[in-house]
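The values are calculated or read from the model by the stated rules, or taken from the named source; none is laboratory data. Remember, it's a predicted structure, so these values are computed and weren't measured experimentally. Neighbour counts are summed over all protein chains in view; Cβ atoms, including those assigned to glycine, are modelled from backbone coordinates with ideal geometry. These area figures cover heavy atoms from the full protein model, side chains too; ligands, DNA and RNA do not enter into them. Shrake-Rupley method; radii C 1.70, N 1.55, O 1.52, S 1.80 Å.
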Amino acid sequence: MKLLSKSLVTLGVMATLGGLSVAVAADVGSTPSITPKAMADALHLVMDSDRAVYTKKIVNRLVKKEKVIKASEHFEDDKALVLPAQMFRFGSELAAKRAADMPDVNFNYSLQSMWPVNKQNAPKTEAEKAGLKFVAENKGENYYAEETLGGKKYFTAIYADTAVAPVCVSCHNDHKDSPKRDFKLGDVMGGVVIRIPL
Amino acid sequence: MAAVVVLFAAATAGAGSLPYVEFSDEHLYFGRIVWLGTCENCHGYGVADAPIPMKPNEWRHRVSKQREILYDHAINGFFGPDDSYMPERGGNTALSDAEVKAAVDYMVELAKFYIDETGEEK
């Protein structure tokens, strides 16, 4: 039994807000029981669901429906809720920080855009550039690719990031640093990039 | 039911790249233009839980509602039971009441088309 438990490796990836987890168990040295695409899709499902719940149950309810608080990019100064996109970004930053202490957890995700308010969120690799263009031009579809970075091979998945609320549109269209100011509700504004080492 | 004159319109729907039906009625023709310009961006793909008219299960209970209720939701905004949010005028505040109503009328007829003619999810 001890031997068996030693032969199992469990990679636990804790998602952000809801505390849900996606686990991959595999015999050491054998084929993993989940494909990189399925893993990326599962991760994105959790991320997207958490973000949708935050948008609906927190932002929509408290800001739009109950009108008890505002949501603002400058949430500290304004004593306001963080925007849904900020919640997502903070989660990705925290996950990266926590994953740094977990040698078996080696993945990352980020929110990027061809029209970033902050230039550091622009695509850098060829796969990121191609993927963000693809999801913007093919609404409802995802982009998957393999890329080699620094001599390491990665599976990269890109999912559309869509303007789901008026505040997404107004924030980007009105922002002084935004390179695009004609977004409409429902437009693809960027993409969630999930990268898993192969 | 409004007559269908063109099945293969220029725009395509998100769910399986279906064409958006075009009706001969002038009011619905106008409504389709408004719908494509604003509403389709969410209702064509289910963005933020927007019900997709090509999916009969999402619209059967809606087409039976009083049209005035649908107009009110579209013009003034609406919160769904799980706090999903339909912004007023679909987020396009430049639209007039008449334009929003025409778009609603088109979307209802589009939904009815898929309910009546196909009766199944697309």
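Listing for the model above:
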| item | result |
| --- | --- |
| Inter-label distance for A:GLU76 and A:ASN108, nm, one decimal - labels placed 7 Å from Cα along Cα-to-Cβ | 2.3 |
| Carbon and sulfur %, accessible surface of segment B:4-118 computed with the full protein complex present, 1.4 Å | 52 |
| Estimated FRET transfer efficiency (A:ALA100, A:LYS153; beta-carbon r; R0 25 Å; 0.05) | 0.75 |
| Test item: B:35-41 mean partner chain Cβ contacts at 10 Å | 2 |
| Nitroxide proxy distance, nm - points 7 Å out along Cα→Cβ at A:LEU45 and A:GLU93 | 3.0 |
| Charge tally in the Cβ shell below 12 Å around A:ARG195, where Lys, Arg are +1 and Asp, Glu are -1, A:ARG195 excluded | 0 |
| Inter-label distance, nm, simple model (7 Å from Cα along the C-beta direction), A:ALA38/A:ALA52 | 2.2 |
| FRET efficiency, 1/(1 + (r/R0)^6) with R0 25 Å, evaluated for A:ILE69 and B:GLN66 via beta carbons | 0.15 |
